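A short worksheet on the structure shown next.
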Amino acid sequence: MSTITIGVSSLEEVMRRTAAAFRGKRQGERISFASVEMLWKTLTPRRWELIRAMAGQGPMSMRAAARLVSRDVKTIHGDVRALLDAEVLEKDDVGRIVFPYDAVHVDFTIRKAAS
């Protein structure tokens, strides 16, 4: 099973993981957002529904993805574009969209606000 970790990381954390990867340390598949707010703005409930439906399904047309979540192609287009821009979804060599993972692990910590 292939799993992607979606989380919140500072620039320093991303740079540390990148440097470790260059040294040959496996980092795992990961998509990082700069803040919890950015994560929730990008990964709305409807987009999560689409990700969940596409998990493990392989490449598909936009129309097939729309059918998976019982929405029409026009309404799903903006969600697909946002997920492609965030690199959550990918396009294959013939232009079909794909979520190339079977599972998602969400990882972030919310800390007490500074007073």
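The values are calculated or read from the model by the stated rules, or taken from the named source; none is laboratory data. Just so you know, these numbers come straight off a predicted model, no measurement behind them. Cβ sites come from the backbone with ideal geometry, for glycine too, and all protein chains shown count toward neighbours.
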Query - Pairs, first more than 21 Å from residue 33 (Cβ to Cβ) in segment 69-95, second assigned to a helix (DSSP H, G or I) and among the small types (Gly, Ala, Ser), C-beta under 8 Å, six or more apart - result: 69/53; 72/66; 73/66; 75/66; 76/65; 76/66
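Need a quick list: helices (runs of 4 or more DSSP H) entirely within segment 1-104 having at least 2 residues that are at pLDDT 90 or above.
Working: elements: 11-22, 36-42, 45-54, 62-68, 73-85.
Once the helices (runs of 4 or more DSSP H) in segment 1-104 are filtered for at least 2 residues that are at pLDDT 90 or above, what remains is 36-42, 45-54, 62-68, 73-85.
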Query - Number of the exception - residue 16 against (1) within 15 Å of the chain's Cα centre (by Cα); (2) within 24 Å of residue 111 (Cβ to Cβ); (3) surrounded by fewer than 16 Cβ atoms within 10 Å (Cβ to Cβ); (4) not small (Gly, Ala, Ser) - result: (1)
Requested in this report: Return yes or no: is residue 115 touching a strand residue (DSSP E or B) at 6+ places or on another chain (Cβ under 9 Å) and at pLDDT below 95?
Outcome: no
